[in-house]
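> To start, I am sharing the structure in question, which I have written as structure tokens.
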Amino acid sequence: MKVAILAGGLGTRLSEETTIKPKPMVEIGGKPILWHIMNIYAAYGFTEFVIALGYKGEIIKDYFLNYRFRSRSLTVDLRSGETILHNSNMEENWNVHMIDTGMETQTGGRIKQVAQYIGNEPFMLTYGDGVSNINISQLLEFHRTHGRLATLTAVRPPARFGQMILDGDRVTQFEEKPQIGEGWINGGFFVLQPEISRYIKDDQTLWEHEPLEQLAIEGQLGAYRHDNFWYCMDTLRDVNLLDKFWRDGNAPWKIWD
């Protein structure tokens, strides 16, 4: 089963980074968040990716075109141009399709475009800015068991602010952004049947509006509840927090070796 990733948005709330690169290429622990997302799927054996490109998509293309060179030692003969890779056994046995879906295309339009490359088969989909310790195998089994056209992952977002634990009028503890019950939201990590394309009108369709709303009305949208770690990288503060998790060796989404 292929995994589609939406990687074409402007990322305006993270302009400190996205003036020079697309949001999925913002680095966490020295690696683009896109790499982290792909590793979540690869940990469950899903290694064929279809990436919907838009804003600064050439940077994502360059990253994967030069992936083997970036991640290995090498020798270059400047006279002949011959390049020799050292220790060239690749850990990432991935097949990556990069599809230009347009600068101004909305999320629904990007999904419809990449669906043409996936063909008449179910596929998984997520956004290029969210990480989680979700169990992909359980998500897929949930989708297959319930038999709907679409399944999204429902998550409880972290609190916007940290919270204090009080004992009477005494503060006993601070907690940084706990995962608490603020209501369920769409956390991405979809499983979709190919028929969902007919719910998307054109390039200007927002997937999160008419298509999902119509699927819900028809009883064709399932919700797989994930009440463990999930985090969306929207601001520089989010980048710094995720980076600290990684560098401290305490990244909850790192489910691979």
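The values are calculated or read from the model by the stated rules, or taken from the named source; none is laboratory data. Predicted model, so just to flag it, every value in this text is computed and none were measured. FYI the Cβ positions are ideal-geometry reconstructions off the backbone, even for glycines, and counts take in every protein chain you see. Keep in mind that these areas ignore ligands, DNA and RNA; they rest on the heavy atoms of the full protein, side chains included. Shrake-Rupley method; radii C 1.70, N 1.55, O 1.52, S 1.80 Å.
> Since Ser80 meets every condition but one in (1) among the small types (Gly, Ala, Ser); (2) assigned to a strand (DSSP E or B); (3) more than 30 Å from Leu10 (Cβ to Cβ), which condition does it not meet?
Of (1) among the small types (Gly, Ala, Ser); (2) assigned to a strand (DSSP E or B); (3) more than 30 Å from Leu10 (Cβ to Cβ), only one is false for Ser80: (2).
> What number of residues within the stretch 182-201 satisfy the criterion of being on the phi > 0 side of the Ramachandran plot, over 20 Å from the mean Cα position of the chain (by Cα) and either crowded, with 17+ Cβ neighbours inside 10 Å or outside any loop (DSSP other than H, G, I, E, B) (or both)?
Here the count works out to 0.
> Test Gly130 against the stated conditions and say whether it is in contact (Cβ under 8 Å) with a residue 60 or more places away in the chain, closer than 16 Å to Gly11 by Cα and open to solvent by less than 30 Å² (accessible area, probe 1.4 Å).
yes
> Step by step: first the residues of the stretch 55-71, then only those that are open to solvent by less than 70 Å² (accessible area, probe 1.4 Å) and part of a helix (DSSP H, G or I), then the one that is farthest from Pro22 (Cα to Cα). Which residue is that?
Across the stretch 55-71, the extreme among qualifying residues is Tyr67.
> To continue, here is another question. Taking Thr126 as the residue in question, decide whether it is assigned to a strand (DSSP E or B) and either touching a helix residue (DSSP H, G or I) at 6+ places or on another chain (Cβ under 8 Å) or acidic (Asp, Glu) (or both).
yes
> If you don't mind, another one. Quick check on Val155: is it at pLDDT below 95, touching a strand residue (DSSP E or B) at 6+ places or on another chain (Cβ under 6 Å) and open to solvent by less than 20 Å² (accessible area, probe 1.4 Å)?
Taking the combined requirement at face value, the residue satisfies it.
> Quick one: which residue in Ile5, Ile51, Ile37, Ile111 is closer than 26 Å to Ser137 by Cβ, outside any loop (DSSP other than H, G, I, E, B), touching a His at 6+ places or on another chain (Cβ under 8 Å) and in contact (Cβ under 8 Å) with a residue 40 or more places away in the chain?
None of the others qualify; the one that does is Ile51.
> Specify the residue that is farthest from the chain's Cα centre (by Cα); the eligible residues are those in the stretch 44-54 that are small (Gly, Ala, Ser) and open to solvent by less than 50 Å² (accessible area, probe 1.4 Å).
Looking at residues that are small (Gly, Ala, Ser) and open to solvent by less than 50 Å² (accessible area, probe 1.4 Å), I get Gly54.
> Also: I'd like the full set of residues that are of a type outside the set (D, E, K, R), in contact with a Ser or Thr (Cβ under 9 Å, 6 or more places away or on another chain) and open to solvent by less than 30 Å² (accessible area, probe 1.4 Å), limited to the stretch 109-127.
Answer for the stretch 109-127, where residues must be of a type outside the set (D, E, K, R), in contact with a Ser or Thr (Cβ under 9 Å, 6 or more places away or on another chain) and open to solvent by less than 30 Å² (accessible area, probe 1.4 Å): Gly109, Ile111, Val114, Ala115, Thr126.
> Still on this model: Within the stretch 202-257, count every residue that is part of a loop (DSSP other than H, G, I, E, B) and of a type in the set (Phe, Trp, Tyr).
The qualifying residues number 4.
> In addition: Residues in the stretch 72-104 that are among the hydroxyl-bearing types (Ser, Thr, Tyr) and surrounded by 10 or more Cβ atoms within 10 Å (Cβ to Cβ): how many?
Number satisfying all stated conditions: 4.
> Do any residues in the stretch 138-149 that are open to solvent by less than 90 Å² (accessible area, probe 1.4 Å) have Cβ atoms under 7 Å from those of residues that are hydrophobic (A, V, I, L, M, F, W, C), where the two are at least six apart or on different chains, and which pairs are they?
Qualifying pairs under 7 Å: Leu139/Phe189; Leu139/Val191; Leu140/Val191; His143/Val191; Arg148/Leu221; Leu149/Ile196; Leu149/Leu215.
> Continuing with this model, one more query. Any idea which of (1) open to solvent by 40 Å² or more (accessible area, probe 1.4 Å); (2) under 19 Å from the mean Cα position of the chain (by Cα); (3) at pLDDT 95 or above is the one Gln204 doesn't satisfy?
With respect to (1) open to solvent by 40 Å² or more (accessible area, probe 1.4 Å); (2) under 19 Å from the mean Cα position of the chain (by Cα); (3) at pLDDT 95 or above, Gln204 is out only on (2).
> Just checking, does the stretch 125-146 include any residue being more than 18 Å from the chain's Cα centre (by Cα) and at pLDDT below 95?
There is at least one residue in the stretch 125-146 that is more than 18 Å from the chain's Cα centre (by Cα) and at pLDDT below 95.
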